Amino acid sequence: MNHYPCINIHLDTITHNAHNLVSACERFGVKPAGVTKLACAYPEVGEAILAGGIGILADSRIQNLKKLRHLDGETMLLRIPAISQAREVVQYADISLNSELETLQALAVEAVKQHKLHQVIIMHDMGDLREGSFYQEETLQLAREVMKLEGLKLVGLGTNLACYGGVEPSIDNQTQLITLAQQIEAEHKITLSYLSGASSAGLPLMLRGDLPKGINQLRLGASVLMGIGLNDDPVPNTRQDTFDLTAEIVEIKVKPSVPAESTALDAFGHKPTFTDRGLRKRAICAIGKQDIDISQMTPKDRNIIVIGGSSDHLILDINDSDMPYHVGSLIEFELSYGGVLQCMTSEYITKRFI
Ligand SMILES: *Cc1c(COP(=O)(O)O)cnc(C)c1O
């Protein structure tokens, strides 16, 4: 078993963030759902989120929700379900976000078969142009159809923002969602349990005190797991150091910084360019582009320069570092959201839960 490279996942930080976000949301009448997709829904991460006081675990993929089925929380499927997965959706998700009648019909058939009441949140598009109908009348019509389907229970209305089109959650679009929900409630004489207004991108609006009363759910992923939200800005009272990466040095040599005669393309078909810093002490780490886009990782030792890499090698300039690195030393890196995603997905990177 390879120990390195390894991504370190600080579970206490996740619980800390979840706990503080639950408290912050409570003041504004919001109960967050905890989104696990960045961490591929490893059960350890699901447990850490639940330990922070969040009651619903949400993920885009049904394969991920399946990994969480033995935990206490309710499960919610975020990505609009595929008809071909209707059986698993009903089996592993208590709630799903939906926008298509054919899919809802397939879920209804499955729910009846499995003797379940599957909970449905209808998605309405407020202009970000990802999922949901953009037209109020279509969303109202879909709600009418769901009401008629045996096996399904209409429990909410939701929208997704700042994901594709870069539309920010605002007083205006959140108020429109509430108004639409009120129309559905009046027409069918029901109370919707969830008005699911946004992702972590909705936190700044809420923390300013501007989230309209009635929105009672935010689906929080990046903020719980990494302490970041809209535009990747840090969220107050959360920590950003949940994840880091450790890689091992396999070679240290002094070399010129410019290749002898560079005429060929690199392994990825690009013409490489070089900065001439003269003779420098360099290290090779056993990690490469097959594991992670190396622009998404930053050495914690600020005196190290990432020079480049190939599929399986990361080349570092360690000349200016004061640390006594040797072959076998470990180097630690901070990771961006995209970097964490790749490390969590890669089968070559060990997951170390701390
Ligand atoms: C990923 C996702 C979220 C969570 O977004 P974060 O920015 O990580 O908080 C919320 N809702 C939906 C529909 C998603 O796909």
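The table below gives the values:
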item: For Ser257, net neighbour charge (Lys/Arg +1, Asp/Glu -1) across residues whose Cβ lies under 10 Å away; result: +2
item: Candidates per GluC sites (Glu not before Pro) in segment 273-354, loop by DSSP, up to 15 other Cβ within 10 Å; result: Glu347
item: Residues of segment 80-126: accessible area per residue with a 1.4 Å probe, Å²; result: 41 Å²
item: FRET efficiency estimate (nearest 0.05) - Cβ-Cβ, Lys116 to Leu71, R0 22 angstrom; result: 0.75
item: Helix axis angle, 101-113 relative to the chain longest principal axis, alpha carbon, degrees; result: 80 degrees
item: Per-q log10 I(q)/I(0), segment 152-227, q = 0.26 Å⁻¹ (Debye; single scatterer per alpha-carbon; no solvent); result: -1.22
item: Distant-in-sequence amide H partners of Leu161 (H built 1.01 Å from N, under 5 Å); result: Ser199
item: Segment 164-200 and segment 9-44: distance between their alpha carbon centers, rounded to Å; result: 22 Å
item: For segment 154-284: rounded, prolate or oblate by the Cα gyration tensor [a/c cutoff 1.5]; result: prolate
item: Rounded accessible area per residue of segment 260-308, 1.4 Å, Å²; result: 63 Å²
item: In sequence order, calculated HN-Hα J values of segment 191-204 (Karplus, 6.51, -1.76, 1.60; Hz; x Gly/Pro); result: 10, 7, 6, 10, 10, 9, x, 5, 8, 4, 5, x, 5, x
item: Theoretical ellipticity at 222 nm over the chain - DSSP helices of four or more residues, -39500 (n - 2.57) apiece, nearest 500; result: -8500 deg cm²/dmol
item: Global form of segment 254-328, assessed from the alpha-carbon gyration tensor, a/c cut-off 1.5; result: oblate
item: Rounded percent of accessible protein surface that carbon and sulfur make up, the chain, 1.4 Å probe; result: 50 percent
item: Derived scalar couplings ³J(HN,Hα) [segment 117-122; Karplus, 6.51 cos²θ - 1.76 cosθ + 1.60; whole Hz; x for Gly, Pro]; result: 10, 8, 8, 10, 10, 8
item: Antiparallel DSSP beta bridges within the chain, percent to nearest 5; result: 45 percent
item: For Arg280, distant residues with modelled amide H under 5 Å away; result: Lys255, Ser257
item: Cα-based Rg of the chain normalised by 2.2 N^0.38 Å, two decimals; result: 1.16
item: In Hz, Karplus ³J(HN,Hα) per residue of segment 278-295 (6.51, -1.76, 1.60; θ = phi - 60°; x = Gly, Pro); result: x, 6, 9, 7, 10, 10, 10, 9, 7, 7, x, 5, 6, 8, 7, 5, 5, 6
item: Helix 171-188 axis, angle to the chain major axis (alpha carbon atoms, nearest 10°); result: 40 degrees
item: Stokes-Einstein D (µm²/s) once Rh is taken as the Kirkwood radius of segment 310-352 over alpha-carbon pairs, at 37 °C in 0.692 mPa s; result: 256 µm²/s
item: Proximal charge balance of Glu137 [Cβ under 14 Å; K/R count +1, D/E count -1]; result: -3
item: Cleavage-rule hits (trypsin sites (Lys or Arg not before Pro)) in segment 142-194: DSSP loop, at most 14 neighbouring Cβ within 10 angstrom; result: Lys189
item: Surface accessible to a 1.4 Å probe, per residue, for the residues of segment 140-211, Å²; result: 43 Å²
item: Mean separation of Cα contacts under 8 Å, 6 or more apart, over the residue count of segment 80-187: relative contact order %; result: 24 percent
item: C-alpha long axis of helix 11-26 to longest principal axis of the chain, angle in °; result: 40 degrees
item: Stokes-Einstein D for segment 40-86, Kirkwood Rh over Cα pairs, 37 °C, 0.692 mPa s (µm²/s); result: 302 µm²/s
item: Between segment 90-130 and segment 306-326, the Cα center-to-center distance that results, in Å; result: 49 Å
item: Entries in Lys67/Lys116; Lys31/Lys66; Lys116/Lys148; Lys31/Lys351 that, when Cα-Cα distance is taken, lie over 27 Å; result: Lys31/Lys351
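The values are calculated or read from the model by the stated rules, or taken from the named source; none is laboratory data. What you are looking at is a predicted structure, and each value in this text was computed from that prediction instead of being measured. In this analysis, Cβ positions are derived from the backbone assuming ideal geometry, glycine residues included, and neighbour counts consider all displayed protein chains. To get the accessible areas, we keep the full protein, side chains included, count just its heavy atoms, and leave off ligands, DNA and RNA. Shrake-Rupley method; radii C 1.70, N 1.55, O 1.52, S 1.80 Å.
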